[in-house]
Structures are given as C-alpha cells and as structure tokens.
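Quick notes on the structure that follows.
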Amino acid sequence: MAEVGGIAAERLRSFIERIERLEEEKAALAADVREVYAEAKSTGFDVKTMRQVIRLRKLDRDDRHAQEHLLDLYKLALGLEG
C-alpha cells in the first residue's frame, strides 16, 4: 500500500469510493421518494401534510405528545384556537 505524506493511498481511495457509491444510492432513493410523493399528490393527497405525519411518526410517543401540547399552547396564546 503506497503512502503519501503518511496517508495510506489505497485505504483512502477505498473510503472515498464507498462514500461515492453510497451518495449515488442516496440520490436514487431520494428520487424514488419524490416519485412516491408525486404519485400521492396525483391521487389527491396533500404532500405537505404527509411530510408532517412522517416527521411525527419518527418521534416517540412522549415526544410527539409534548410537541403537540406545546403547539396547542402556542396556538391558544396567539388566538389561533379557541
């Protein structure tokens, strides 16, 4: 393995190439996700709301309830509910 300035060139090349492959896969997955959103939109679903639901589903139950409670308090304070 060649070393340049203390850097193992082949090891570095291996990491770089792995990262590049993963970035390509990530871009392909992002395109797939956009297609699913477009399909959902074309059938009448609201994509913005779907994104919010997905974000909420990533939270655990307690965090989700705390966030919803705080949002309700803020809306009440601003006169958006009542």
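The values are calculated or read from the model by the stated rules, or taken from the named source; none is laboratory data. Model, not experiment: these values are computed from the prediction. Note: ideal-geometry Cβ built from the backbone for every residue, glycine included; neighbour counts use all protein chains shown.
Couple of notes before you dig in:
- Among residues of the range 42-62 that are more than 18 Å from Ala30 (Cα to Cα), those with a beta-carbon under 6 Å from a residue that is of a type outside the set (Val, Ile, Thr) and surrounded by 10 or more Cβ atoms within 10 Å (Cβ to Cβ) at least six positions away or on a different chain give the pairs Leu56/Arg64.
- Cβ-Cβ distances below 6 Å connect the following pairs, each with a first residue in the range 13-39 that is outside the structural domain of Met50 (by TED's automatic domain parsing), a second residue that is surrounded by 10 or more Cβ atoms within 10 Å (Cβ to Cβ) and modelled with pLDDT of 95 or more, and a separation of six or more residues or different chains: Tyr37/Val47.
- With respect to the stated conditions, Glu81 is of a type in the set (D, E, K, R), touching a Lys or Arg at 6+ places or on another chain (Cβ under 6 Å) and not assigned by TED's automatic domain parsing to the domain that holds Glu3.
- Number of positions in the range 1-37 that are touching a helix residue (DSSP H, G or I) at 6+ places or on another chain (Cβ under 8 Å) and of a type outside the set (Ser, Thr, Tyr): 3
- Test set (1) surrounded by 10 or more Cβ atoms within 10 Å (Cβ to Cβ); (2) over 23 Å from the mean Cα position of the chain (by Cα); (3) small (Gly, Ala, Ser) - Ala40 fails condition number: (2)
- Residue that is farthest from Val33 (Cα to Cα) [pool: residues in the range 54-80 that are acidic (Asp, Glu) and surrounded by 11 or more Cβ atoms within 10 Å (Cβ to Cβ)]: Asp72
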